[in-house]
Amino acid sequence: MQAKGTSSAYRQLILRDLGLAGGLGIVALLFIFLAFSISIWILALGLPPLAGAFWFGNRARVTLQKWRSQERLATLLHQVLGENYIYFLNLLLSENRSIGMIDGVLLGPYGALVLEVAPFSGQYICEGDTWYKYMGEQGADIKEQPILNRKRLKDSPTWKVIRAAREVKSWLSVRNLPQVPVQPVVVLDRGKLFSSKHPNCPIVEHADLENYLKEHLFHKGSSSEASVVSEGMLEQIAQRLKNA
């Protein structure tokens, strides 16, 4: 498998947030020192920068988790896919910055998989595009668990990757590039899917991704049917994506 793109964007975000967290932390420590030296009321002035330091530090931690999850996914794809697949990592389509960076686009003989890497740990429930973190006991039957045992997530990985897939299709159409099948997929890196009810796109755990690819990609290669995407079409799309 050919891999395109880098993780430099995540590296820059982490360094920026760590720098901001460190700077705000120093300011907070200065106010704490002044509070004990002059007046305890000065301590109140140190609370906002202290909160900011924790916020930026936590965002750097979350970004680092995302980066590591993407690296694990790229490594797995490299191990199981042949040279006729191209993986675009951290793709930012020009003129479509509203959705931000797309975690990955896997381009191959049967179209494109648009991948959203969810670096969550724990167990999750997906209903349509609504996600919950399951807070109950492991191994329990979902039918026996009250609804209070789940906490709704603010973000929806399925909705995010569906939007990204639509943008990829639109991007291809606007540039008069071949219209190939585009399939959104959510990859749970370390988390487990406790249950799902009518998810609007496939959700695959990292441990099951190789089997998913075999079932949805590899078996087609052994059929007598012609590829949906010819080698020339694949190269044409790949070349434009490289310059996106």
Condition check for ASN84: modelled with pLDDT under 90 and out of contact with any Asp or Glu (no Cβ under 7 Å at 6 or more places or on another chain):
yes
Mind counting the residues in region 64-122 that are of a type in the set (Asp, Glu) and more than 28 Å from VAL174 (Cβ to Cβ)?
2
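Yes/no per residue for (1) surrounded by 17 or more Cβ atoms within 10 Å (Cβ to Cβ); (2) out of contact with any Leu (no Cβ under 6 Å at 6 or more places or on another chain); (3) under 30 Å from GLY191 (Cα atoms):
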| position | (1), (2), (3) |
| --- | --- |
| SER8 | no, yes, yes |
| ASP17 | yes, yes, yes |
| LEU24 | yes, yes, no |
| THR63 | yes, no, yes |
| LEU73 | yes, yes, yes |
Exception for LEU91 within (1) among the aliphatic types (A, V, I, L, M); (2) exposed (fewer than 14 other Cβ atoms within 10 Å of the Cβ); (3) touching a strand residue (DSSP E or B) at 6+ places or on another chain (Cβ under 6 Å) falls at (2)
Is there any pair with a first residue in region 227-244 that is surrounded by 12 or more Cβ atoms within 10 Å (Cβ to Cβ) and at pLDDT 80 or above and a second that is among the basic types (Lys, Arg) and not in a helix (DSSP H, G or I) whose Cβ atoms are under 9 Å apart and which are 6 or more apart or on different chains, and what are they?
ALA238/LYS4; ARG240/ARG175; LEU241/LYS4
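The values are calculated or read from the model by the stated rules, or taken from the named source; none is laboratory data. What you see is a predicted model, and the numbers here were worked out from it, not measured in a lab. Note that each Cβ is placed from the backbone with ideal geometry, even for glycine, and that neighbours are counted across all protein chains shown.
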